[in-house]
Amino acid sequence: MKGLLIALLTPALLIGATTKNKVAKKPKPVVIGYVGGYRGTVNTETIAAKKLTHINYAFVNVEHNRAVLTNITTDTVNFKNLSALKKINPDLKILISIGGWAWSANFSDAVLTDTARAAFAKSAVDIIAKYNLDGVDIDWEYPAREGEVGNIFRPEDKVNYTLMFAALRKELDQLEKKTHKKLLLTTATAGFVGFLETTEMDKAQKYLDYINIMTYDCYSTKFAGHHTNLFPTKAFEKSRNADEAVQAYIAAGVPAEKLVMGIAFYGRNFKVTDSTATATGLGSPIARQQFGSGYTFIRDSLLLKGYHAYRDQDAKADYLYNPTTKDFITCDDEWSVQNKCNYVLDKKMGGVMFWEYSSDKKEYLLDQINYTFAHPGTVQDNIGLTSVKVPAANTTVTGSK
C-alpha cells in the first residue's frame, strides 16, 4: 500500500516541480506614446492602438494647487475617444500627464505642505475616476530648478517631490479598492544628470511604476550636435547622452526595469556660422536654434531640399546638414531607434516612450520600435535617413555613412 501511494503521488509531485521550475515570462517592453490634447480635439482614428501599451494624455494644468482640465470641452471628448481605442487594444492604458514644460510653474506651491499635497493628489485622482482612466503621469520640469523662466521653485522641492508621489499613490490605492482596477503612477524626468541632484529618485521610485527619462533636447548650446543620441559624440568634448542618464539613474537607486527610454519624434534645427572644421556641420558653432519638424516631414521632404544625411557611429545617431544654407538637423530615425530599443532590451529596462505621436504621422519610428522589440538583437544597418532613396535628379544630396 505504501509503495502504491508513493507511485501515485510521484507523477503529481513531478508535475508540481515542473510547473515551479518553468521560467517566468519576461514582461514585454512598454511603448508609451504622449498624445497632445493641448492643441484641441485629437483625431484618434490616426492612432495605431495595437502598437502602443500606454497613452499619456498631455497635458493637465496645475492651478490654485489643483490638477485642472483647462480645456475641459475638448479634454472630455478626447478622453472618451482615447478610451474607445481599448476596443482595438483591450490592454491599452490611458493616463493623464500633469504639467509639461509650459505648465510646471505651480507645482512647487501645490506640493509645499501636507494639506496642499493631499488636495492636489485628490484633484488628480478625481479626474481619472470621473473619466475612468488608468493612472497619473507627472511631468514636473523641474523640482528645485526653474525650468521655464518664471516658474516657482524652492530647495524644499527635492523632498516634496517624493512626498507628492506618496500622496498620489495613497489616493490611487484608495480608488483601486473601490474599482478593483490596477492604477498606474508614472513620471517624466529630465535626461540630464543634474536632475538627480535636486530629487530623491531612490525614494520616489518606490511609489512609481515607470520613470520616463526625457533623453532628448540634450543638445549643446554652443556647437551643433545631437539632441537625442544614445552615446556621446566625439565631435566635441562634452555631450549629454542617454546612456549617461540611464547609468546615473541606476546608480542613484532606480531599478532598471522601471526606467523608460525617451525617443524624439521631432527634430532640432541649428543654423551654424562656420563648418570649416567639419564638412558635415557636426561640431560647428551655432548661430541660432529652433524646435524642428516632425520625423515624417524630415524623412519625406528634406533630402529633396539640399540636405545630406550622415551617421555618427559613436553616438548611434543620424543627422542632416545642408552645406549651402548651413542648416543642421538632429533627430531620431529608424537606425537610432533600433539602437535605443536594443539597448533597452540589453539593460532590461522597462521600455520606451516618445514625444509626440502626431510628429510622425506615417509611424516610421513607431513601426521600428515594434519591429525591434519583436525581433530582439536584430541589427539592420540599411535603415534610417542615410538609406532614404531620392529621385535621380537629387542623387547629389543623398547621404553617406
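No lab work stands behind these numbers, since they all come straight from the coordinates. Because the structure is a prediction, the values reported are computed rather than measured. We place every Cβ from the backbone using ideal geometry, glycine too, and count neighbours over all the protein chains shown.
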Can you tell me the relative contact order of the range 310-379? Whole percent, Cα pairs under 8 Å, sequence separation 6 or more. 26 percent
With charges set only on the Cβ (+1 for Lys and Arg, -1 for Asp and Glu), what does the dipole of the range 32-182 come to about its Cα centre, in debye to the nearest 20? 680 debye
Taking a 32 Å limit on the Cα-Cα distance, which of the listed pairs 26/238; 203/234; 158/326; 86/178 fall beyond it? 26/238; 203/234; 158/326
Projected-area average for the chain over all orientations - Cα convex hull basis, square nanometres: 25.0 nm²
Please give the FRET efficiency for residue 346 paired with residue 238, using the beta carbon to beta carbon distance and R0 = 30 Å, rounded to the nearest 0.05. 0.75
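Taking R0 as 22 Å, what FRET efficiency do you get between residue 291 and residue 146 from their Cβ-Cβ distance, rounded to the nearest 0.05?
On the way: r = 19 Å, r/R0 = 0.88.
Rounded to the nearest 0.05, the efficiency is 0.70.
Quick one: which of 93/361; 28/389; 206/347; 28/258 span more than 23 angstrom between C-alpha atoms?
Values: 93/361 21 Å; 28/389 33 Å; 206/347 20 Å; 28/258 13 Å.
Correct reply: 28/389.
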Given the options 309, 359, 329, identify the residue whose Cα lies farthest towards the positive end of the charge dipole of the range 289-401 (+1 on Cβ of Lys, Arg; -1 on Cβ of Asp, Glu). 309
Once both axes come from the Cα atoms, what is the angle between helix 364-374 and the longest principal axis of the chain, in degrees from 0 to 90, rounded to 10? 50 degrees
Simple Cβ-charge dipole of the chain, Lys/Arg +1 and Asp/Glu -1, about Cα centre, in debye nearest 20: 1240 debye
